[in-house]
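Here the structure comes first, spelled out in structure tokens, and everything after it is commentary.
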Amino acid sequence: MSQRVRTRPEGSGQALSEAYDTALLDLDGVVYAGGNAIAYAVDSLATAREGGMRLAYVTNNALRTPDAVAEHLTELGIPTGASDVITSAQAVARLIAERVPSGARVLVIGGEGLRVALRERGLEPVESADDDPAAVVQGFGGPDLTWSRFAEACYAIARGVPWFASNTDLTIPSARGIAPGNGAAVEVVRIATGADPEVAGKPLPPMHRETILRTGAERPLVVGDRLDTDIEGAFNGEVDSLLVLTGVTDGPQLLAAPPQHRPTYVDADLRGLLTGQPEVVEADGGFRCGGWAARAATAGRLELDGDGEALDGLRALCAAAWTAAGDGVCELDGGKALARLGL
């Protein structure tokens, strides 16, 4: 796939909720954190929806069913139906259904979200490698998933049964901190078997395909907080993206982003859906956004001058860093500039 290398965040004269017909929203770090809604999320999403934007919630977590996710969002004050939720369990179930006969048995290493998604595709979930499965599927099963489940996967894979994974996120946020995600569990099976699974979740194309098939979006905007799943998924799907800074991505990571991790737009939180985006322009050997000017200095660092909104300074710094990096990773020191912005 050939794509233009993005060298700066883009501007928009329209509110993003008007420029795009559907927001494909990540959940953890974007809409909620630790079970609670992130500041401004509820009101921003309500306003975007009232203005005609469709909201779809796209998650790599294969444990919960769409009904359970929709119920949680509704409890937070974001009215949501199950059809508005797309999970990696649904994406991997479609992938398996395209590889095995209708009604085939599938060994499930994971939770209820996988079982519901498989049944939706006319497949039969089973629990043992001795149940003659046509495929093995592995998804996040929560903290109580036992070691014996990984052994069942290994027994089946060793017999030549094809192996699928909903996603390979190594970590997952929890109320107490960062916990091992499905990717960590996948590594256990990979080490034991020497095999590699076929993966469906973000940032890979099967997940983006699932969201488009289920939403019918014509002008989608991916909204996320992670460069390596949300933003890379938008890049692979050749659609625009908005990075919000309410989750895991910080200033240094954003400045060092390789081309596939560079978002179209950058904003503080979901209020960014309701506004236009300021333009970043070339000026005086560098880049200007709002009251800030940024450039790559000869001393191996990024320099920032001016005053104004911190986000405008970050956008200008992104342009300077990404232009200097080209199709690579920026190695210039942006620490002093980011500190001036409080980032």
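Please treat every number below as a calculation from the coordinates, not as lab data. Please read these numbers as outputs of a predicted model, since none were measured by experiment. Don't worry about glycine lacking a Cβ; one is built from the backbone with ideal geometry, like all the others, and counts go over all protein chains shown.
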As I understand it, the value is the acute angle between the Cα axis of helix 41-50 and the longest principal axis of the Cα atoms of the chain; what does it come to in degrees, rounded to 10? 90 degrees
Taking K and R as +1 and D and E as -1, what net charge do the other residues with C-beta under 12 Å from the C-beta of LEU311 add up to? -2
Under 4 °C and 1.567 mPa s, how fast does the chain diffuse according to Stokes-Einstein, given a Kirkwood radius computed over C-alpha pairs? Answer in µm²/s, whole number. 62 µm²/s
Let me check I've understood the local charge: for ASP21, count other residues with C-beta under 13 angstrom from its C-beta, Lys and Arg +1, Asp and Glu -1. What total comes out? 0
Where the Cα pairs of the stretch 281-336 fall when distances are cut into 10 Å bins, in %: 29, 58, 13
I'd like the orientation of helix 310-325 relative to the chain: the angle between its Cα long axis and the longest Cα principal axis, in ° from 0 to 90, rounded to 10. 80 degrees
Hey, what angle do you get for helix 205-215 against the long axis of the chain, alpha-carbon based, 0 to 90 degrees rounded to 10? 90 degrees
Net +/- balance of residues flanking GLY141 in space, Cβ distance below 14 Å, scoring K and R +1, D and E -1: -2
